[in-house]
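The values are calculated or read from the model by the stated rules, or taken from the named source; none is laboratory data. Treat the numbers as computed from the prediction; the structure is a model and nothing was measured. We place every Cβ from the backbone using ideal geometry, glycine too, and count neighbours over all the protein chains shown. In case anyone asks, the SASA skips ligands and DNA or RNA and just uses the protein heavy atoms, side chains included. Shrake-Rupley method; radii C 1.70, N 1.55, O 1.52, S 1.80 Å.
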Amino acid sequence: MDLTLKVWRQENSKAKGNFESYQIKNISPDSSFLEMIDALSEQLINEGKEPVAFDHDCREGICGMCSLFINGRAHGPDEEITTCQLHMRKFKDGDTIVIEPWRAAGFPVIKDLMVERDAFDKILQAGGFISVNTGSAQEANAIPIPQHKAEESMDGASCIGCGACVATCKNSSAMLFVASKVSQLALLPQGKPEAVRRAKAMVAKMDELGFGHCTNTGACEVECPKGVSLDHIARLNREFLAANLKF
Amino acid sequence: MSQLNSKVPSGPLAEKWEKYKANQNLVNPANKRKLDIIVVGTGLGGAAAAASMGELGFKVKNFCYSDSPRRAHSIAAQGGINAAKNYQNDGDSVYRLFYDTIKGGDYRAREANVYRLAEVSNDIIDQCVAQGVPFARDYGGYLDNRSFGGALVSRTFYARGQTGQQLLLGAYGVLNRQIAAGNVELYTRTEMMDLVVVDGRARGIVVRNMISGEISTHFAHAVVLATGGYGNVFFLSTMAMGSNGSAAWQVYKKGALFANPAFVQIHPTCIPVHGEAQSKLTLMSESLRNDGRIWVPKELEDAEKIRKGELQPTDLPAEKRDYYLERRYPAFGNLVPRDVASRAAKERCDAGFGIGTGHAVYLDFKDAIERLGKDLIEARYGNLFQMYEKIVDTDPYTTPMMIYPAIHYTMGGLWVDYELQTTIPGLFSIGEANFSDHGANRLGASALMQGLADGYFVLPFTINNYLADQIGVARMNPEETPEFIEAREKTLAYIDKLMKIQGDRSVDSIHKELGKIMWEHVGMGRTKEGLEKGIVKIQALREEFWKNLRIPGKTDTINPELEKANRLADFIDIGELMAMDALQRNESCGGHFREEYKTPEGEALRDDKNFKFVGAWEYMGEKKTPKLHKEALQFEFVEVKTRDYK
Ligand SMILES: Cc1cc2nc3c(=O)[nH]c(=O)nc-3n(C[C@H](O)[C@H](O)[C@H](O)COP(=O)(O)OP(=O)(O)OC[C@H]3O[C@@H](n4cnc5c(N)ncnc54)[C@H](O)[C@@H]3O)c2cc1C
Ligand code: SF4
Ligand code: FES
């Protein structure tokens with residue numbers, strides 16, 4: 001298929017960016033979206049130009065490194081999918097595709113389609129863990145955990161830290177990301193002792209780093225490639241934030 | 001280079017590690033604060049090691065090329081992690097896990113290391129559960145297990161099809177805690193470019209900031225490489241796009257020996273190649289072989305009809321299908337080790353029975369769905385089925401999956417002794433980057449085990465033994481130490497040389513060519529003649545690279561083409577060494593299959609008399625033939641037998 005691409009180009013974090021248009025031909029519908037961008041890169045290099053910079057690594061939907069706003073949607077026009085898993089068969093011959101980076105105060109653009117997401121690391125450093133030293137663990141089967149709890153915890157743990165939730169949210173809130181981690185750990189007996197402190201510290205860090213407040217629009221859930229559910233936000237609000245006074 | 005000393009403690013196998021721990025030197029807590037350790041890599045090995053050594057009180061600097069430690073390639077591991085818990089009461093034990101691993105590796109790994117790995121495996125599971133890793137559980141709330149290839153027991157722990165992700169997030173969690181505590185300093189989007197050696201000891205690294213392009217140097221009393229495997233030599237593999245062999249290659253050029261480079265694992269169940277634009281291959285977890293049955297048509301004409309789309313696989317009756325693994329290996333069936341399953345698939349496809357493009361076989365869940373119900377299959381493999389459907393656009397619940405072998409893991413890597421130290425004092429290597437535990441073939445679910453064993457439970461002990469006499473070494477100021485200044489300048493000059501080539505070929509176009517050479521000549525079926533040809537082609541490609549490469553853009557900014565070029569230059573060199581190693585090994589063992597050395601039935605034919613050794617290569621200088629050192633493998637505790645999965 002032949003396509004017109006409108007791609008955001010920006011030299012670095014300080015430069016002003018703009019859209020550039022490119023024509024690209026003979027893309028196989030079986031190619032992935034990033035393979036299509038690879039083809040564009042090859043074309044640009046052959047023309048003596050600089051290829052488009054974008055983040056990616058695993059190319060199988062798990063590392064959370066790829067991003068991209070494609071035709072106005074985080075991770076493009078498909079459900080529960082990352083950009084790297086998106087395939088060209090979702091587009092038609094002759095389509096124009098607009099490709100932009102994540103846009104959020106917490107995620108500055110550093111070049112073209114690449115953004116810096118170290119704010120997510122900082123939020124987790126504020127408390128997104130269980131404080132256990134290597135060597136001090138007890139026998140793994142000492143505490144049985146009801147299967148449904150383990151499964152629910154796993155649902156939260158599925159977050160890949162991609163940032164689509166933030167990029168989609170009109171408030172640029174990172175609440176879904178934060179809640180998924182809070183939930184994962186709070187649902188397990190091992191995570192209980194620190195649950196309240198963890199929730200508060202992470203939310204405080206999120207606020208400090210310039211992410212907006214959650215007003216429950218639910219847009220994040222729709223674009224989350226891993227189907228992380230709003231229930232986690234509800235749990236965070238109900239069990240930890242509303243209970244603020246108690247602690 | 002003198003005789004290789006593996007430093008394996010004496011005494012009975014089961015007592016070696018205890019004995020080592022009892023006798024090694026330790027560093028007292030107050031002194032730990034005076035000692036710096038650099039850990040390159042934040043995968044399971046790197047993150048676990050950095051966090052654990054931070055907890056002990058060392059000052060750790062941790063580097064990775066991605067924007068966050070959580071994105072390390074370990075995140076992609078799907079199927080599971082082994083441990084000898086024997087929760088299923090099916091006869092598992094530390095000894096059995098050790099034995100399966102040694103046998104699975106076709107008797108080309110060091111007994112003492114593998115035994116220690118099996119010994120600490122149970123601690124890993126305890127540790128991960130304590131960190132909040134949500135492993136799968138049964139209705140009683142206890143940990144569940146599944147089976148993996150090469151074992152007759154059920155010892156694999158898993159978290160849906162995302163076990164690597166969950167284990168890495170656990171390690172990343174404890175790493176985050178140490179970063180917050182100030183014990184670990186994190187450097188993301190930072191690529192190691194060279195090792196700094198002072199008076200024969202590893203003392204630091206040269207790095208490139210991938211955003212600003214700045215080249216800087218860092219000092220440490222010891223350096224740990226946890227930089228993963230070099231499978232991307234083949235261009236197409238299941239490795240992450242950025243996975244590379246460069247860090248290992250740089251230290252090889254500084255004197256660290258590189259062991260068994262030819263030992264590469266080809267995974268039998270990957271999604272087949274779709275065409276020229278393909279950029280990487282996607283694994284379908286080995287766990288699928290618990291319930292999926294592998295087959296191709298029995299008749300050549302049926303295979304052809306299926307390829308032409310004239311016949312649907314679902315319409316082919318059972319008696320016209322060849323479940324070739326079950327036929328050839330009745331005892332292990334679809335769960336034979338990876339090397340065996342991969343070769344069997346290639347054999348069928350080479351004989352004309354392949355489906356799809358001809359380079360694919362079926363993995364069929366019909367019987368399992370009939371037996372267990374769709375819901376259970378969905379609960380077990382739902383996310384893998386979904387991933388398959390997204391990529392291939394067919395529904396594996398109704399039409400069998402198409403799979404084909406792909407490059408997946410590198411057993412070879414930096415030579416390390418029992419302490420995980422390379423031949424450069426002060427330089428350690430853990431995880432996939434070293435060669436240590438898997439011999440000529442790794443069993444499924446054992447890489448995660450090894451990465452975490454090395455990172456949590458082995459290195460944090462053994463590194464003490466080295467650091468104990470380093471307490472008196474004052475921190476060096478890289479800006480004033482000649483070795484650091486020189487290494488930095490060398491890196492700058494190297495980048496300059498790359499940028500100045502200004503030919504007309506992209507990095508990827510050359511990389512794809514390398515991949516084709518490797519797959520054809522250094523892939524699943526190797527021959528003397530083919531390898532010799534391969535070496536000539538690789539050498540020609542090296543010329544091409546240094547003459548015709550073009551890197552657009554500048555060096556003082558984000559420049560992915562420069563990053564890729566730097567890695568590709570090393571891949572070309574690694575590829576050549578792999579071919580040389582494959583050529584010297586006149587036997588077939590594990591993932592290394594030489595067509596000249598096989599039984600009449602086509603099984604691998606090992607030569608224990610002449611090749612029961614680790615082949616460790618020493619760099620002798622540019623354009624010079626590297627020197628092969630042999631670490632003889634002693635099997636004191638197991639009897640070396642022909643691997644038989646029949
Ligand atoms: C798709 C897939 C599925 C798998 N499934 C399983 C499984 O189910 N069970 C199992 O046991 N094993 C599995 N494996 C194998 C296993 O995942 C890996 O062997 C293991 O995770 C490697 O861990 P590591 O810590 O050694 O390295 P990696 O996780 O590869 O980490 C390497 C780290 O080094 C950094 N790095 C590399 N080079 C540089 C450099 N030059 N400068 C700075 N930083 C650098 C990277 O940023 C990264 O942080 C799978 C592998 C793949 C590809
Ligand atoms: S919650 Fe979903 S959208 Fe947000 S970072 Fe995690 S995976 Fe991405
Ligand atoms: S590249 Fe890893 S999730 Fe897309």
Among the candidates B:Gly204, B:Gly213, B:Gly229, residue that is of a type outside the set (Ser, Thr, Tyr), farther than 30 Å from B:Arg137 by Cβ and part of a strand (DSSP E or B): B:Gly204
Checked B:Ser68, B:Ser93 against criteria (at pLDDT 95 or above and within 12 Å of chain A (Cβ to nearest Cβ)); the one match is B:Ser68
Given the structure, is B:Leu492 touching a residue at least 12 places away in the same chain (Cβ under 8 Å), in a helix (DSSP H, G or I) and within 14 Å of another protein chain (Cβ to nearest Cβ)? no
List every residue pair whose Cβ atoms lie under 8 Å apart, where the two residues are 6 or more positions apart in sequence or sit on different chains, the first residue falls within region B:602-618 and is over 9 Å from B:Asn260 (Cα atoms), and the second residue, located anywhere, is among the small types (Gly, Ala, Ser). B:Ala604/B:Ser588; B:Ala604/B:Gly590; B:Leu605/B:Ser588; B:Arg606/B:Ser588; B:Lys612/B:Ala632; B:Phe613/B:Ala632; B:Glu618/B:Gly255
If I filter region A:10-38 down to residues being open to solvent by 40 Å² or more (accessible area, probe 1.4 Å) and without any contact (Cβ under 8 Å) to a residue 40 or more places away in the chain, which single residue comes out as nearest to the other protein chains (Cβ to nearest Cβ)? A:Asn26
Residue by residue through region B:146-160, note down the ones that are open to solvent by less than 10 Å² (accessible area, probe 1.4 Å) and at the interface with chain A (Cβ under 10 Å from one of its Cβ atoms). B:Phe157, B:Ala159
Count of residues meeting criterion [open to solvent by less than 50 Å² (accessible area, probe 1.4 Å) and assigned to a helix (DSSP H, G or I)] in region B:495-527: 13
Please indicate, with yes or no, whether at least one residue in region A:152-160 is open to solvent by less than 10 Å² (accessible area, probe 1.4 Å), of a type in the set (A, V, I, L, M, F, W, C) and part of a helix (DSSP H, G or I). yes
Which residues, taken from region A:1-23, are touching a Phe, Trp or Tyr at 6+ places or on another chain (Cβ under 9 Å) and part of a strand (DSSP E or B)? A:Leu3, A:Thr4, A:Leu5, A:Lys6, A:Val7, A:Trp8, A:Arg9, A:Asn18, A:Phe19, A:Glu20
Scan region A:54-61 and give yes if some residue there is at the interface with chain B (Cβ under 10 Å from one of its Cβ atoms) and farther than 23 Å from B:Leu44 by Cβ, otherwise no. yes
In region B:265-302, how many are under 14 Å from B:Met239 (Cβ atoms), open to solvent by 10 Å² or more (accessible area, probe 1.4 Å) and away from every other protein chain (no Cβ under 14 Å)? 1
Only one of (1) within 14 Å of chain A (Cβ to nearest Cβ); (2) open to solvent by 40 Å² or more (accessible area, probe 1.4 Å); (3) of a type in the set (Lys, Arg) does not apply to B:Arg606, and that is (1)
Of all residues in region A:78-108 being away from chain B (no Cβ under 11 Å) and not in a loop (DSSP other than H, G, I, E, B), the one that is surrounded by the most Cβ atoms within 10 Å (Cβ to Cβ): A:Thr83
Condition first: at pLDDT 95 or above and within 15 Å of ligand 2 (Cβ to nearest atom). Can you find one or more residues in region A:192-199 that meet it? no
Candidates B:Ile471, B:Ile485, B:Ile407, B:Ile517 - the one that is within 16 Å of ligand 1 (Cβ to nearest atom) and either away from every other protein chain (no Cβ under 14 Å) or of a type in the set (Phe, Trp, Tyr) (or both): B:Ile407
Where residues in region A:64-77 are touching a residue at least 60 places away in the same chain (Cβ under 8 Å), part of a strand (DSSP E or B) and within 15 Å of ligand 3 (Cβ to nearest atom), which of them is nearest to the chain's Cα centre (by Cα)? A:Ala74
Quick check on B:Ser52: is it within 13 Å of chain A (Cβ to nearest Cβ), assigned to a helix (DSSP H, G or I) and open to solvent by less than 10 Å² (accessible area, probe 1.4 Å)? yes
Quick check, is B:Ala256 in contact (Cβ under 8 Å) with a residue 12 or more places away in the chain and open to solvent by less than 10 Å² (accessible area, probe 1.4 Å)? yes
Are any of the residues in region A:38-46 touching a Leu at 6+ places or on another chain (Cβ under 8 Å), among the acidic types (Asp, Glu) and closer than 29 Å to B:Val273 by Cβ? no
Considering only region B:1-46, state which residues are in a loop (DSSP other than H, G, I, E, B), among the hydrophobic types (A, V, I, L, M, F, W, C) and open to solvent by 20 Å² or more (accessible area, probe 1.4 Å). B:Met1, B:Leu4, B:Val8, B:Leu26
Among the residues listed as B:Asn209, B:Asn183, the single one being over 24 Å from B:His511 (Cα atoms), of a type in the set (S, T, N, Q) and either touching a residue at least 24 places away in the same chain (Cβ under 8 Å) or out of contact with any Asp or Glu (no Cβ under 8 Å at 6 or more places or on another chain) (or both): B:Asn183
Which one of B:Ser66, B:Ser74 is outside any loop (DSSP other than H, G, I, E, B), closer than 27 Å to B:Thr269 by Cβ, within 16 Å of ligand 3 (Cβ to nearest atom) and within 24 Å of the chain's Cα centre (by Cα)? B:Ser74
Within region A:39-49, considering residues that are facing chain B (nearest Cβ under 9 Å) and assigned to a helix (DSSP H, G or I), the one farthest from A:Thr83 (Cα to Cα): A:Asn46
In region B:553-568, which residues are open to solvent by 30 Å² or more (accessible area, probe 1.4 Å) and touching a Gly at 6+ places or on another chain (Cβ under 6 Å)? B:Thr555, B:Asp556
Of the residues in region B:438-478, those that are in a loop (DSSP other than H, G, I, E, B) and either in contact (Cβ under 8 Å) with a residue 24 or more places away in the chain or in contact with a His (Cβ under 8 Å, 6 or more places away or on another chain) (or both) number 18
Candidate set from region B:445-471 (those that are among the small types (Gly, Ala, Ser) and open to solvent by 10 Å² or more (accessible area, probe 1.4 Å)); member that is nearest to the chain's Cα centre (by Cα): B:Ala447
